Each structure stands twice: as C-alpha cells, then as structure tokens.
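The values are calculated or read from the model by the stated rules, or taken from the named source; none is laboratory data. Fair warning: this is a prediction, and the values are worked out from it, not measured in the lab. Neighbour counts are summed over all protein chains in view; Cβ atoms, including those assigned to glycine, are modelled from backbone coordinates with ideal geometry.
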Amino acid sequence: MTDDPVIDWLLASDEPLIRFRTRTWLLGQRDADPTARRDLEGIVGGRMVRTLLEFPDRSVNPYRKWWGLHWRLVSLADLGVPVGPSTDPALRARLDEGVDRELAWIANPRHLDAVPRLDGLYRADASVEGNALYAASRFGHARDPRASHLVEKLLEWQWPDGGWNCDRRASGYRSSFHESWATAIGLAAYHHATGDGDAIAAARRTAELLLEHRLFRSLQTGRPIHHSFTKLHWPAYWHYDVLAGLRVLRAVDADLLVDPRAADALDLLESLALPDGRFGADRAWWQVGRHVTSPVDVVDWGRGRPSEVLTLQALRVLRAAGRR
C-alpha cells in the first residue's frame, strides 16, 4: 500500500502489466525488484495482453479498425510490454511474428513509392507508418531494413512546419495534428533504439509545432483548434487530443514538458481528472462487438468508468512533468 489511493487502485489491478508499469513508470521500481518481477512474470497470463496477442489470421487487413494486427501491436507498445533478456520466449516469438507481418505489409515499396506529391508536398497517411515504426522499435526490430526504410520515407514526407498531412485539398500552410503525433512518437522510439539523429530531429520539429500551438490552441484565436482536442480518449488510434500531444513531448524529450508553452495542456490534463484523481475517457472511438463493419476493438478499454490504462498514461505524463 502507498499513501496515494489512485496508485493503490492501479496496484490492485487484475492485469499484471498494469501493476508492473505502475511500479516501474510511477513508483520508480526496477524490473528486478521482487514485487515488480512477480508482476513481470505474470504479464503473458493477463487477459488484456493475452487477447491482444491473439493476432487475426493473414486474411484480415492489418489496418482493420480496430482489431487488426496493426492496432494490436500499437496497443501492446502503448502498454509497455517489456522486451529484453528476461522476456518470456513465447511472448517474444509472438511479437516477432507480429512485427514481421506488420513490416511486410506497411514497408512494401509499392505502397511507399505511391504516396502522391502535390504542390511539392507529400500527402501521406504518415500515422500508419509512424505507428508501425513505433511498434517495430519498441519490440526490438528497429534495425530491420524495412524499419529504416520507413524512417527514410517519413523524413522525405515531412512538411516544412514539422508535421505530415494526407489531405490532397490542404493548402500546404499547415500539416495535420492527427497524422503527426503518432508519427513523431514512432520516430522518437526509433531514435531511442538506434541513436539515429535525423529521426529525433524530425520528431523535435513536430514537438515544436505542437508547442507553438500550446498543444491545442489556434494561433489566430487562442481557442481550442477542435473541441475533441480538449477531451480524453483511449485508445486514441490516430486521433489527436491533448494527452497525445503531451505524450509526444515526453517521447521526444521529457524536458519539453516543462516548456512554458506546455503549461496550458498540463493544466487541462489535470483538470480532466475525476474527483477521486482517476481518469476516464470523455469519448471512445471504439465499440465492443463483432460486427465486421464497425470500429470494434478486442479489448474493453473502459467506457463510462475510470480507466486503468488511461489513468496510468495520464499519471506517467504528469509525473514526467514534475506534477506528481
């Protein structure tokens, strides 16, 4: 037990991975600490991780919303499933299989070389490649030539303002926050795995773009760019919100969270906590069910109630910003 009821709630989770990441991300315990190690050893048995690892067969489009292979790998990366010398061999083999399938799909030259260029700017759904790069980098595949090829293309596609955009009608004045945030996190993860300087420089340009807007405000009016930016969602998938922006800053350089231009977003995040200090999603992009045309996820992430995963992610950002 701790003196923080929210932390105690997370430590009482049925999911070993939630308990493990609460200990390592929020309490600063090492993986080798006895209590953390017990949770680490139980991760594969947790229902959430076990469900996400049940990848669909190869006949299913990896991008199928939201239960395709692509999204499952992103969720596993977001949850911080650890990969290292002590990783369960079966878990490692399953992740290796998933990432290999993902890279074979997304890094296909026929796809990457077909991205249109209009008025000198590439119109790329870069969040797809960015999320794939994120998962590959988190799970030990950053040095796969296909991952390196994704980085080359993302750097080539980046717009002058530091982001990316898929809209063929866009004027070129401003990129899309939706396409940019996950891409920056992917590039940051690649840098942390390989030391690549160009990747982190590109991600820093995205972070600067977000900071210029105080993460959610219009430069012209100072008001929120879109009302959904000021709400919480989990998973966000490719949609931007204030927590997504703060996660970019933490991924690129945690010191960016103390930039004065991040203060509004941090204040907003703190204000979105429930009265008891936990966090819940204001809106869900996913549905629970089996109808193949619906945006179905295989995990019930929490709707209309406090979310363990969202609380863990929000507290991780606030802790990195020195607000916990």
The stretch 185-210 residues that are of a type in the set (A, V, I, L, M), paired with ones that are surrounded by fewer than 18 Cβ atoms within 10 Å (Cβ to Cβ) and outside any helix (DSSP H, G or I) (beta carbon under 6 Å, 6 or more apart): Leu209/Asp161
Residue in the stretch 252-298 that is nearest to Pro5 (Cα to Cα), counting only those that are at pLDDT 95 or above and of a type in the set (Val, Ile, Thr): Val258
Scope the stretch 38-92; condition under 18 Å from Asn131 (Cα atoms), in a helix (DSSP H, G or I) and charged (D, E, K, R); matching residues: Arg72, Asp78
Subset of the stretch 238-257 [surrounded by 21 or more Cβ atoms within 10 Å (Cβ to Cβ), part of a loop (DSSP other than H, G, I, E, B) and touching a residue at least 40 places away in the same chain (Cβ under 8 Å)]: Trp238, Tyr240
Test: residue in the stretch 21-29 that is over 30 Å from Arg324 (Cα atoms), of a type in the set (S, T, N, Q), at pLDDT 95 or above and not in a helix (DSSP H, G or I): no
Selection status of Val288, in contact with a strand residue (DSSP E or B) (Cβ under 8 Å, 6 or more places away or on another chain) and either farther than 21 Å from Trp67 by Cβ or not aromatic (Phe, Trp, Tyr) (or both): yes
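Taking the stretch 1-17, which residues are modelled with pLDDT of 95 or more and exposed (fewer than 13 other Cβ atoms within 10 Å of the Cβ)?
Pro5, Asp8, Ala12, Asp14
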Residue within the stretch 18-37 that is closer than 15 Å to Val99 by Cα, more than 20 Å from the chain's Cα centre (by Cα) and surrounded by fewer than 19 Cβ atoms within 10 Å (Cβ to Cβ) present: no
Single residue of the stretch 164-183 satisfying the filter (touching a strand residue (DSSP E or B) at 6+ places or on another chain (Cβ under 9 Å) and either β-branched (Val, Ile, Thr) or in a helix (DSSP H, G or I) (or both)) that is surrounded by the fewest Cβ atoms within 10 Å (Cβ to Cβ): Glu179
Only one of Val83, Val60 that is farther than 20 Å from Ala189 by Cα, surrounded by fewer than 22 Cβ atoms within 10 Å (Cβ to Cβ) and among the β-branched types (Val, Ile, Thr): Val60
Within the stretch 258-279, tally of residues that are assigned to a loop (DSSP other than H, G, I, E, B), surrounded by fewer than 18 Cβ atoms within 10 Å (Cβ to Cβ) and small (Gly, Ala, Ser): 1
Test: residue in the stretch 195-214 that is at pLDDT 95 or above, buried (at least 19 other Cβ atoms within 10 Å of the Cβ), within 21 Å of Asp259 (Cα to Cα) and in contact with a strand residue (DSSP E or B) (Cβ under 7 Å, 6 or more places away or on another chain): no
